[in-house]
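J.: Encoded as structure tokens, here's the structure I'll be asking about.
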Amino acid sequence: MRPHGERWRAPYACDPAATRGRLVPEGASPTRSDFQRDRDRIIHSSAFRRLKHKTQVFVHHEGDHFRTRLTHTIEVSQVARALARSLGLDEDLAEALALSHDLGHTPFGHTGEDALDACMAPYGGFDHNAQALRIVTRLERRYADYDGLNLTWETLEGLVKHNGPLLDGDGRPTRRYAERGVPGAILDYDAQHPLGLSTHAGAEAQAAAIADDIAYDAHDIDDGLRAGLFTIEDLRSVPFLAELLEEIDGRYPGLELSRRIHELTRRVITRFVEDAIRDSGRRIAEVAPASVEDVRAASFPVVCFSPAFVEADRAIKDFLYPRMYRHPDVTAVRAKADTILRDLFARFMAEPAAMPDEWHEGVSRADEPRLARRVADYIAGMTDRYAVLEHKRLFATTPDLR
């Protein structure tokens, strides 16, 4: 009998019994695998709870049915587990990575990240992936024996490298970081606890990354339709979606709009999941990995869409970008949110004591880079609502996000 109710695991999957361990050694749990413990620590973290009130696309007041970072994260987790189960991967690790992948996001979605990155430009910039690593290794302060969550090496590796290697074989930053270099927070941690930045992450992390893309496509279509930013007929300009709509309309003529939207989004998820399983199976057969180390050493990711679905994913995002992410109603709110975060950053840099004691103690204005990182940590951890309240506390007028 497998311990902890384990399912079948492929030889190329990450095995919690063979984990490389934690930075601070801990004894084993009698009831949970190490990856299950990681998942549970993430769920019980303060940063995870704050995702409930962080923007995905629409700010908090715009409706109870639009996604937040938390609901997006839960949807990614469900898809990641489905992929992991079909591919023989460790479901608990895939889930832990899906649950942690957005922990480093700021209030107000990508607007907040862009604003903080601009403010932090003289001090190394701001990157939500690096911020997630800071949260789980330093900023969460819950345990008596260490800062952070003391997650396993495999979870930290997947958190940092779920989108692929950060360095090439010669130690140069890969495409994502080619211009600005790998964020200092990642390099600093890697120097202490090497994460193999020049190799791929395990297949569980790759499954979580693909699950993020699938969830984004489906729920942004859903949210955009419900917000009235585009119509269901507009979606026919995307061949993949037009085919699904023809299928729905042929089977359910005259179906009411809300059910028609749901039928569309669930088919988007199903088709992308099924394609990822098929193409990943083909890639795994090509690599023939006998262990997770073979997955890491492969020259390409083993969990991926087929070329046809890579194109479908690109076409959906090309449709959504101007009609949703750059829609005038959305950009008007983004501009106001940008003002709020830039104002907060400038005030806290000029007046560190305006932050709570635990955020300004031990750092002075004379040590500007360290203060700036402390300010960024504080602002990045805010929810949308708390950022607005802090702005109202410190400034005479605050932009109305409605």
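J.: Given the criteria open to solvent by 30 Å² or more (accessible area, probe 1.4 Å) and touching a Pro at 6+ places or on another chain (Cβ under 7 Å), does Ser299 qualify?
T.: Numbers: open to solvent by 30 Å² or more (accessible area, probe 1.4 Å): yes; touching a Pro at 6+ places or on another chain (Cβ under 7 Å): no.
In short, no.
J.: Please determine, by comparing only the residues of the stretch 1-48 that are among the β-branched types (Val, Ile, Thr) and either modelled with pLDDT under 95 or closer than 27 Å to Val302 by Cα (or both), which one is most open to solvent (accessible area, probe 1.4 Å).
T.: Taking the stretch 1-48 and keeping what is among the β-branched types (Val, Ile, Thr), we get 19, 24, 31, 42-43.
Narrowing further to those that are either modelled with pLDDT under 95 or closer than 27 Å to Val302 by Cα (or both): 19, 42.
Working: Thr19: 35, Ile42: 0 Å².
Step by step, filter the stretch 1-48, then rank; the result is Thr19.
J.: Do the conditions hold for Glu361, that is, is it among the charged types (D, E, K, R) and at pLDDT below 95? If you could, list the steps in order and put the result at the bottom.
T.: On the way: among the charged types (D, E, K, R): yes; at pLDDT below 95: yes.
Answer is yes for this residue.
J.: Hey, another quick one. Regarding the stretch 270-293, can at least one residue be identified that is touching a residue at least 40 places away in the same chain (Cβ under 8 Å), outside any helix (DSSP H, G or I) and within 24 Å of the chain's Cα centre (by Cα)?
T.: No, the stretch 270-293 contains no residue that is touching a residue at least 40 places away in the same chain (Cβ under 8 Å), outside any helix (DSSP H, G or I) and within 24 Å of the chain's Cα centre (by Cα).
J.: Sort out which residues of the stretch 236-262 are under 29 Å from Gln206 (Cβ atoms) and either surrounded by 17 or more Cβ atoms within 10 Å (Cβ to Cβ) or modelled with pLDDT under 95 (or both), and write them in order of number.
T.: Filtering the stretch 236-262 for residues under 29 Å from Gln206 (Cβ atoms) gives 238-241, 243-244, 262.
The answer is Val238, Phe240, Leu241, Leu244.
J.: Which residues, taken from the stretch 187-225, are surrounded by fewer than 22 Cβ atoms within 10 Å (Cβ to Cβ) and β-branched (Val, Ile, Thr)?
T.: Correct list: Thr199 only.
J.: Now, a different point. Among the residues of the stretch 304-333, what is the count of those that are assigned to a helix (DSSP H, G or I) and either in contact with a His (Cβ under 6 Å, 6 or more places away or on another chain) or among the polar types (S, T, N, Q) (or both)? Walk me through it before giving the result.
T.: Kept after step one, since they are assigned to a helix (DSSP H, G or I), are these residues of the stretch 304-333: 307-325, 328-333.
Those still in the list that are either in contact with a His (Cβ under 6 Å, 6 or more places away or on another chain) or among the polar types (S, T, N, Q) (or both) too: 331.
Count: 1.
J.: Please enumerate the residues belonging to the stretch 323-337 that are within 30 Å of Glu274 (Cβ to Cβ) and open to solvent by less than 70 Å² (accessible area, probe 1.4 Å). Step through it out loud before you land on a result.
T.: Residues of the stretch 323-337 that are within 30 Å of Glu274 (Cβ to Cβ), as a first pass: 323-325.
Within the stretch 323-337, Met324, Tyr325 qualify.
J.: For the subset of the stretch 226-235 comprising residues that are in a helix (DSSP H, G or I) and open to solvent by 20 Å² or more (accessible area, probe 1.4 Å), which member is modelled with the highest pLDDT? Steps first, answer last, please.
T.: Pass one, the stretch 226-235, residues in a helix (DSSP H, G or I): 226, 234-235.
Okay, now just the ones that are also open to solvent by 20 Å² or more (accessible area, probe 1.4 Å), so 226, 234.
Working: Arg226: 87, Asp234: 97.
This residue is Asp234.
J.: Here's something else I'd like to know. Residues of the stretch 126-144 being of a type in the set (D, E, K, R), under 21 Å from Gly27 (Cβ atoms) and at pLDDT 95 or above, which ones? Step through it out loud before you land on a result.
T.: Residues of the stretch 126-144 of a type in the set (D, E, K, R): 127, 134, 138, 140-142.
Going one step further and asking which of them are under 21 Å from Gly27 (Cβ atoms), we end up with 140, 142.
If the condition is that a residue be of a type in the set (D, E, K, R), under 21 Å from Gly27 (Cβ atoms) and at pLDDT 95 or above, then Glu140 is the only one that fits.
J.: Separate question: Looking only at the stretch 378-396, which residues are of a type outside the set (Gly, Ala, Ser) and surrounded by fewer than 17 Cβ atoms within 10 Å (Cβ to Cβ)? Full working, then the answer.
T.: Of the residues in the stretch 378-396, the ones of a type outside the set (Gly, Ala, Ser) are 378-379, 382-386, 388-395.
Listed by number, the residues that qualify are Arg385, Tyr386, Leu389, Lys392, Arg393, Leu394, Phe395.
J.: Which pairs turn up if I take residues in the stretch 322-337 that are closer than 21 Å to Thr397 by Cβ and look for partners that are surrounded by 11 or more Cβ atoms within 10 Å (Cβ to Cβ) and at pLDDT 85 or above with beta carbon separation below 7 Å, at least 6 apart in sequence or on another chain?
T.: Every condition considered, the pairs that remain are Arg334/Thr111; Lys336/Pro399; Ala337/Phe108; Ala337/Thr111; Ala337/Gly112.
J.: Continuing with the same structure: Assuming Val182 fulfils every condition listed in (1) surrounded by fewer than 23 Cβ atoms within 10 Å (Cβ to Cβ); (2) modelled with pLDDT of 95 or more; (3) assigned to a helix (DSSP H, G or I) apart from one, which condition is it?
T.: Val182 satisfies every listed condition except (3).
The values are calculated or read from the model by the stated rules, or taken from the named source; none is laboratory data. Quantities reported herein were computed from a predicted structural model and do not represent experimental measurements. Here Cβ is always computed from backbone atoms with ideal geometry, including for glycine, and neighbour counts include all displayed protein chains. Heavy atoms of the whole protein, side chains included, go into the accessibility calculation; ligands, DNA and RNA do not. Shrake-Rupley method; radii C 1.70, N 1.55, O 1.52, S 1.80 Å.
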